[in-house]
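Rule-based calculations on the coordinates, nothing more; no lab input. These numbers come from a predicted model, not from an experiment. Positions of Cβ are backbone-derived with ideal geometry, glycine not excepted, and every protein chain shown enters the neighbour counts.
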Amino acid sequence: MAVFSKIILTGSTHGQPIAITASGVFSATAGTTLHTAVTGTGTEIDEIYLYAYNTASIPSKLAIMFGANASNGRLNMIIPGESGELVVPGLPLRNGQVVGGKATAANLINIAGWVNRIT
């Protein structure tokens, strides 16, 4: 039987939101580390939930990278000014892959969330 454990994002300090300090949404680097998934390719998997909040009064682009810098590993979106929304609704990841984030400019968007680690 599967066991679900709710854990803090590995890029967070004590569960606090993570400021996206990396900018250049469409560049090839991974950006600010949000979470590093469970290692291995067995039955363990991380189910990731992320919320983004834009502290600026104008919209900002946000890119969330899932374990790859290629375009097929990147989710691009626009977060409205002074607004928050669910941006990753429980997508799975494993094998030590890193979830990173970038925004139009540094320190405009904060990310909060959690992981359901399924073993």
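Numbers for the structure displayed
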read-out	value
Charge dipole magnitude, Cβ of K and R +1, D and E -1 - the chain, Cα centre, debye nearest 20	160 debye
Dipole of the range 4-118, positive end: most advanced residue of 95, 80, 51 [Cβ charges, Cα centre]	95
Sum of side-chain charges, residue 44 neighbourhood, beta-carbon under 12 Å (Lys, Arg +1; Asp, Glu -1)	0
Residue-count net charge about residue 102 - beta-carbon cut-off 10 Å; Lys, Arg +1, Asp, Glu -1	+2
Gain on full stretching of the segment that runs from residue 2 to residue 77 - 0.36 nm per residue minus C-alpha separation	23.7 nm
Kirkwood hydrodynamic radius of the chain, Cα pairs, Å	14.2 Å
Residues whose placed amide H lies under 5 Å from that of residue 34, excluding near-sequence neighbours	99, 100, 101
For the chain: relative contact order, % (alpha-carbon pairs under 8 angstrom, 6 or more apart)	44 percent
Contour minus Cα-Cα distance for residue 43 and residue 106 (0.36 nm per residue)	19.0 nm
